[in-house]
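Quick note: the coordinates plus some simple rules give every number you see, no bench work behind them. Only a predicted model underlies this, so the values are computations on that prediction, with no experimental measurement involved. In this analysis, Cβ positions are derived from the backbone assuming ideal geometry, glycine residues included, and neighbour counts consider all displayed protein chains.
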Amino acid sequence: MNVLARALCILLILVGAVQGCGLWAAEGGASKGKRLFEEHCMVCHGQGGKGDGYRLFNPPPADLTSPAVQEKLDAALLRTIHEGRRNTAMGRWKYVLSDEEAREVLAYIRSLSR
């Protein structure tokens, strides 16, 4: 196998790995996630995700831009989206959002800290 063919194989493997990790479509996912966020999440979490939407909950909705949220692993945030949080107003969204849609919302949430 010549050098060019090897380089092409390595490139294809790397592209496949990036796509498999969900990194390839992060920007597209964030724009789709923004639409889903505005439709389902903004009422409570506020337009910028700072937890300043519906203010009568105790405890209040999470500030999604805070380091406490942004430092959490993706798996933990996806679990919260799917399963909700006990003793809070954060309900389960697994019956409303598909796994892909939840990942898109997560991509948008990640973009809020930038």
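List of remarks:
- Cα convex hull of the range 54-114, projected area averaged across orientations, nm²: 4.3 nm²
- Relative contact order for the range 48-114: 31 percent, from Cα pairs under 8 Å spaced at least 6 residues apart, divided by residue count.
- Put simply, the amide H of Asp52, placed in the peptide plane, has neighbours under 5 Å in Gly46, leaving out anything fewer than 5 places away on its chain.
- Within straight-line cross-link reach of Lys34, aspartates and glutamates at Cα separation under 19 Å, skipping those fewer than 8 residues along the same chain: Asp52, Asp63, Asp74, Asp99, Glu100, Glu101, Glu104
- For Asp99 and Leu56, the FRET efficiency from 1/(1 + (r/R0)^6), where r spans their Cβ atoms and R0 equals 41 Å, is about 0.85.
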